[in-house]
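Readers should treat all values here as calculations from the given coordinates under stated rules, not as data from a laboratory. Here the structure is a predicted model, which means the values were calculated and not measured. Don't worry about glycine lacking a Cβ; one is built from the backbone with ideal geometry, like all the others, and counts go over all protein chains shown.
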Amino acid sequence: MYWYKLEVASANQTELPTECSKQFYHTAGTLIIQVANVLYSIPSAGPFIAHSSVLKDMTQMAHGPVVKEEGSSDLIPIWFGDPFSVEKMDHLLGWIYREKLDRELNVKELADILELGTFLDMHCARVTAIEQLSRISNFPPALKLSLALSFHVSEWIEPALWQLLKTDAGSLTYVCYTSLPFFTCLSPIPPCSSDWVSFTWPGVLSLPKQMVK
């Protein structure tokens, strides 16, 4: 499981003035979280905290006898650093509070929900993201493999790997390469030869050249 970064926000953590989230700022019984320069006020008894063991622990810490003030006001919020961003936080909260039920979530939104759901140990977010991403027929194999390895989606690894290895390497975009730094090709990137040299992910997979070609 990922561990989270728990800090008291201070003036030197963001150069922009802080502002309250226009969508996700509640007024009572809340935990105050800061992402970049945006403050989120999350109901302590709401689903966002209830479904995350990490956030439940943070709530106890914020309102317990040892750390009384962290997260209890806009002046002393709990700071969420990397991998959080305002966009990712909005995507996760938008799903949690069911603000996007009128349409299908796109790949970027689902990838963000998977990432933060893994980071926050939020099982329901992971399950939703994995199920919906699995139904997308044109899900890029490079992205699928990268997400699978990064966020422990074991059932995606083998099919995404073989689908990717059937793809002409020269047809992949620069974004694909940067998301898969463990691939080694015959020529500089981009472009790249259509022959893969090797595939290595320490502790997970290692395929020699003769198996990859």
Spin-label model distance (nm) - Ile136 vs His26, 7 Å beyond Cα toward Cβ:
2.9
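Between Gln163 and Asp57, take the C-beta separation as r, use R0 = 41 Å, and let me know the FRET efficiency to the nearest 0.05.
0.60
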FRET efficiency for Leu16 and His123 from the Cβ-Cβ distance with R0 = 35 Å, rounded to 0.05, comes out at 0.55
